Amino acid sequence: MDEPPLNLRAVTTDGYLEITWDEGHVGLYPFLLLRGECPCAGCVDEHTGVRRLDRTTIPDDIVIKGMELVGHYALKIDWSDGHSTGIYTWKRLRALCPCPKCKRKA
Ligand SMILES: [Zn+2]
Ligand SMILES: [Zn+2]
C-alpha cells in the first residue's frame, strides 16, 4: 500500500504526528519514535543498513517544525533539532504505524 494518507497533523503540544490513513485507521506517531527512525544517509548507513544515529542524542522535547510532501510517495520532515534530510515514504510510515490494529498484525 503506497497510497498517501487522507490527513496529516502534527500535534506539537502532545508530541506526536497524527496520520489518518483511511476511514477508521489513524496512527499516532510519537515524535521521538519518528525521529529515531529517520531513514536518511546520515542516520542509517546506506550500504549496511546499520543505524548510525544514537537515539539517546535526540532531545526529549523534539518537535516537527515543518513538513513537505515529496511527490506522491513520501513526506519530508523538518525537525526542531535542525535535522531535515529524512524522507519518510508512506510505505515506511505504514510499517511503523503504532495503532492497535497494526500492532496486532506485527
Ligand atoms: Zn536522518
Ligand atoms: Zn495502523
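The values are calculated or read from the model by the stated rules, or taken from the named source; none is laboratory data. Since the structure is predicted, the reported quantities are computational estimates derived from the model, not experimental observations. Neighbour counts are summed over all protein chains in view; Cβ atoms, including those assigned to glycine, are modelled from backbone coordinates with ideal geometry.
Filter segment 30-40 down to residues that are under 15 Å from Arg92 (Cβ atoms) and either within 10 Å of ligand 1 (Cβ to nearest atom) or in contact with a Phe, Trp or Tyr (Cβ under 6 Å, 6 or more places away or on another chain) (or both), then give me how many there are.
The initial filter retains those residues of segment 30-40 that are under 15 Å from Arg92 (Cβ atoms), namely 33-40.
Those still in the list that are either within 10 Å of ligand 1 (Cβ to nearest atom) or in contact with a Phe, Trp or Tyr (Cβ under 6 Å, 6 or more places away or on another chain) (or both) too: 35-40.
Number of matching residues: 6.
Being among the aliphatic types (A, V, I, L, M) and within 16 Å of ligand 1 (Cβ to nearest atom) is the filter; apply it to segment 85-105 and report the residue that is surrounded by the fewest Cβ atoms within 10 Å (Cβ to Cβ).
In this case the residue turns out to be Leu96.
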Residue within segment 58-66 that is in a loop (DSSP other than H, G, I, E, B), under 11 Å from the mean Cα position of the chain (by Cα), within 28 Å of Glu3 (Cβ to Cβ) and more than 16 Å from ligand 2 (Cβ to nearest atom) present: no
One residue from Gly49, Gly15, Gly24 being of a type in the set (Gly, Ala, Ser) and in contact with a Pro (Cβ under 7 Å, 6 or more places away or on another chain): Gly15
Criterion violated by Val26 - all others in (1) more than 13 Å from the chain's Cα centre (by Cα); (2) farther than 17 Å from Pro98 by Cα; (3) among the hydrophobic types (A, V, I, L, M, F, W, C) satisfied: (2)
Subset of segment 74-89 [in a loop (DSSP other than H, G, I, E, B) and in contact with an Asp or Glu (Cβ under 6 Å, 6 or more places away or on another chain)]: Ser84
Counted residues, segment 1-20 - those being at pLDDT 95 or above and more than 25 Å from Arg55 (Cα to Cα): 4
Residue match in segment 34-57 (condition: closer than 18 Å to Cys99 by Cβ, hydrophobic (A, V, I, L, M, F, W, C), in contact with a helix residue (DSSP H, G or I) (Cβ under 8 Å, 6 or more places away or on another chain) and surrounded by 11 or more Cβ atoms within 10 Å (Cβ to Cβ)): yes
Single residue of Gly71, Gly82 found to be over 12 Å from the mean Cα position of the chain (by Cα) and either crowded, with 16+ Cβ neighbours inside 10 Å or farther than 19 Å from Gly15 by Cβ (or both): Gly71
Those residues of segment 41-56 which are more than 12 Å from ligand 1 (Cβ to nearest atom) and in a helix (DSSP H, G or I), in sequence order: Thr56
